[in-house]
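Asker: Can you keep this structure in mind? I'll have questions shortly.
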Amino acid sequence: MSPEFAAHPHSVPAQSLSGLYYLDFSNILGGANEVAKTRYHRDIELRLHLAEMRNLGRRQNEPLRQIRATCVIPARMPLVPVVGAAERAGWKVNPVEVAPNGAEKEADTTLVSEMAMSPLLPGVSPKTTTVTLFSGDRDFRHVVKQLKALGFLVIVMAWNHSTSHRLREAASLFVPLDSYFDRITYLA
């Protein structure tokens, strides 16, 4: 179990928790490429190790009730291999095309909608469910605040350099992905 989770004062026993995981694919991949550029002083094209990301957001022995991901596919990345890799890693993928001008607002609104509906899923309860968001985008601040107000433990996992200050404040817990860079990325 990651030390960030072990130290959190959430009182629900790990074995009784279920997890809802939401991944803003383009936000996390874009941030990883920025970290790589800073580390290696050149552009490096990376991929995300999606099984490791899923495991990173999970407490030890935590049953996985549901995993959700909105996958924004840049024009240069073929859709089929990315979706296939995500599904093999246990993510339910909701592909959203990038607009011709590069805007990805549809992806964010799709993921916000899924998160907002999560309290209505069968068996989901604030007492037994942890919500983990992999994104640093401030567009998620309001839904994170709403889920937290309903009593959910909401964990935001994202890159230190690109996470909105307001999103960090809204979350129950912010876990920077920077120290997990080598574990969750690999060369394309």
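Each reported figure results from applying straightforward, stated rules to the coordinates on display, with no laboratory input. Quantities reported herein were computed from a predicted structural model and do not represent experimental measurements. Cβ coordinates were reconstructed from backbone atoms using ideal geometry, including for glycine residues, and neighbour counts include every protein chain displayed.
Asker: Can you compute the FRET efficiency between E87 and A188 using 1/(1 + (r/R0)^6), with r the Cβ-Cβ distance and R0 = 22 Å? Round to the nearest 0.05.
Answerer: Once rounded, the FRET efficiency stands at 0.70.
Asker: K148: which aspartates and glutamates have alpha carbons under 12 Å from its alpha carbon, excluding same-chain residues fewer than 8 sequence positions away?
Answerer: Partners within reach: E169.
Asker: May I ask you to list the residues of the stretch 123-157 whose amide nitrogen lies under 15 Å from a point 7 Å from Cα along the Cα→beta-carbon direction of Y40?
Answerer: none
Asker: Additional query: Please list 132-144, 98-110, 163-175 highest first by mean number of surrounding beta-carbon atoms within 10 Å per residue.
Answerer: 132-144, 163-175, 98-110
Asker: Now, a different point. How far apart, in nm, are the 7 Å Cα→Cβ label points at R47 and S162?
Answerer: For R47 paired with S162, the spin-label model returns 1.9 nm.
Asker: Going highest first, how would you order 27-35, 123-131 by mean Cβ packing within 10 Å?
Answerer: Peptide ranking by packing, descending: 27-35, 123-131.
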